[in-house]
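*Asks:* First, the structure itself, so that you have it in front of you.
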Amino acid sequence: MKNLRKLGKYGPEIMPVGIGAMSFTNVYGKCDTDQAFKILKYAMENGVNHVDTANIYGAGVSEERIGKFIANTGKTAKEFFRIATKASIWTDPKTKARAFNNNGRYLEDELTKSLKRLGVECVDLFYVHRRDPNIEIEEVTDSLAKLVKKGMTRLIGYSEIAPSSLRRANAVHHVAAVQSEYSLSTRSVEMGLVQTCDELGTSLVAYSPLGRSLLTDNPIKIEKAKSLDFLGSNPRFNSPNYEENIDLTNKLREYSKGKNIPTASLVIAWLLAKGDHIIPIPGTRSITHFKEIIEGTKILFNKGLINDIEKILPIGWAHGERYSSSQWIGPEKYC
């Protein structure tokens, strides 16, 4: 493999893009085990060795499908993939409300269950999916460090934390990766997180790098978005925001067509050019789409291309917030 990036300061080398395995569930449309297997097989054939999942994706279904693929493929797949998983989002049994649990015992129990579903003894990276504000991040980081010592995970990370929280955590134990939404349509991470990760040797793992399809040649139709739990309540996929966002991104699709490059490929290349520590993890159920993603790692970017793209879609172009009010519960905001 060529053009590799490191997962954190001390982690393994991985392809510049990984697989966001939330798409192995039905969150963006129906996905079955066969589809997931095809994506994982294609990943192996093309050197994409990082796969990112979580205990809540399909209530364990995503992890189970990855585990079944590894079991069916054998030692080759087990040694090939660099697996990351996450825990801390849960449903309070009393209130039935979504909540966050960063207790050390809870995290260890959840990771134990994840390892069983994945069929591995140790994952390469274990994230706290969302911070529990009732527990100091230093204490949480110490709990994660103990999981490293126990041989359950090689590296630790956090999802959706502020730069100030990252500094506090990293003072206790090196944080190999911070996961956050980052794309041409969501650039708030450039207000400190991109820079802090670079300074500390922390990978910035960018989820939804294609704007949940808005930054591709085939954006999801509004009728389909309305039928999905997540997108159905997401401000950017509801009228009139949806129509405005489609009109604006049509200009990028026209530009990409003129370059004879799939829009997804161009967008992935743009994101990779923002820093050597940035690792996009797009989700997909389509081999055709996956090919476009991989093609993006081969495009050599220059300032001219970056300027063209950012002129077409400048910071702040997207209509609607990236999350609804309920979806905003958990991610740390900062400026």
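*Asks:* Kindly provide the set of residues from the stretch 186-212 that are small (Gly, Ala, Ser) and touching a helix residue (DSSP H, G or I) at 6+ places or on another chain (Cβ under 8 Å), ordered by number.
*Replies:* Gly192, Ser203, Ala206, Gly211, listed by residue number.
Yes/no per residue for (1) of a type in the set (Lys, Arg); (2) within 18 Å of the chain's Cα centre (by Cα):
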position	(1), (2)
Tyr10	no, no
Thr33	no, no
Lys41	yes, no
Val51	no, yes
Ile56	no, yes
Gly67	no, no
Thr85	no, yes
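*Asks:* With the requirement that a residue be within 22 Å of the chain's Cα centre (by Cα), touching a residue at least 24 places away in the same chain (Cβ under 8 Å) and either loosely packed, with under 15 Cβ neighbours inside 10 Å or under 12 Å from Leu313 (Cβ atoms) (or both), what does the stretch 225-244 give you?
*Replies:* Correct list: Asp229 only.
*Asks:* Return a yes/no flag: does the stretch 248-259 have any residue that is in contact with a Cys (Cβ under 7 Å, 6 or more places away or on another chain) and surrounded by 22 or more Cβ atoms within 10 Å (Cβ to Cβ).
*Replies:* Taking every residue of the stretch 248-259 in turn, none turns out to be in contact with a Cys (Cβ under 7 Å, 6 or more places away or on another chain) and surrounded by 22 or more Cβ atoms within 10 Å (Cβ to Cβ).
*Asks:* Taking into account only those residues within the stretch 126-139 that are among the hydrophobic types (A, V, I, L, M, F, W, C) and under 21 Å from the mean Cα position of the chain (by Cα), which is surrounded by the fewest Cβ atoms within 10 Å (Cβ to Cβ)?
*Replies:* Applying the filter and picking the extreme gives Phe126.
*Asks:* May I pose another question? For the stretch 186-203, give me each residue that is within 15 Å of the chain's Cα centre (by Cα), surrounded by fewer than 23 Cβ atoms within 10 Å (Cβ to Cβ) and either among the polar types (S, T, N, Q) or in a strand (DSSP E or B) (or both).
*Replies:* Thr186 - this is the single residue of the stretch 186-203 that is within 15 Å of the chain's Cα centre (by Cα), surrounded by fewer than 23 Cβ atoms within 10 Å (Cβ to Cβ) and either among the polar types (S, T, N, Q) or in a strand (DSSP E or B) (or both).
*Asks:* Return the only residue of Ser143, Ser183 being closer than 30 Å to Thr216 by Cα, touching a helix residue (DSSP H, G or I) at 6+ places or on another chain (Cβ under 7 Å) and surrounded by 15 or more Cβ atoms within 10 Å (Cβ to Cβ).
*Replies:* Testing whether each residue is closer than 30 Å to Thr216 by Cα, touching a helix residue (DSSP H, G or I) at 6+ places or on another chain (Cβ under 7 Å) and surrounded by 15 or more Cβ atoms within 10 Å (Cβ to Cβ) leaves just Ser183.
*Asks:* Continuing with the same structure: Which residue pairs have Cβ atoms closer than 6 Å, lie 6 or more positions apart in sequence or on different chains, and pair a first residue in the stretch 305-331 that is surrounded by 11 or more Cβ atoms within 10 Å (Cβ to Cβ) with a second residue that is assigned to a helix (DSSP H, G or I) and of a type in the set (A, V, I, L, M, F, W, C)?
*Replies:* These pairs meet every condition: Ile309/Trp270; Ile312/Leu252; Leu313/Leu252; Trp317/Leu248.
*Asks:* Going by the structure shown, is Ala169 in contact (Cβ under 8 Å) with a residue 60 or more places away in the chain and crowded, with 16+ Cβ neighbours inside 10 Å?
*Replies:* Here the answer is no, as Ala169 does not meet what is asked.
*Asks:* Please go through the stretch 204-224 and pick out each residue that is surrounded by fewer than 23 Cβ atoms within 10 Å (Cβ to Cβ), of a type in the set (Lys, Arg) and part of a helix (DSSP H, G or I).
*Replies:* Lys224
*Asks:* A further question follows. If you check Thr85, Thr53, which single one turns out to be within 24 Å of Glu295 (Cα to Cα), touching an Asp or Glu at 6+ places or on another chain (Cβ under 7 Å) and of a type in the set (S, T, N, Q)?
*Replies:* Thr53
*Asks:* Something else about it: Looking at Cys122 and the list (1) buried (at least 17 other Cβ atoms within 10 Å of the Cβ); (2) closer than 16 Å to Gly157 by Cα, which single condition is not satisfied?
*Replies:* Among (1) buried (at least 17 other Cβ atoms within 10 Å of the Cβ); (2) closer than 16 Å to Gly157 by Cα, the lone unmet condition for Cys122 is (1).
Each value in this text was obtained by applying a stated rule to the coordinates, not by laboratory testing. Keep in mind that this is a model prediction, so the values were computed, not measured. Every residue, glycine as well, gets a Cβ built from its backbone with ideal geometry; the counts of neighbours run over all protein chains shown.
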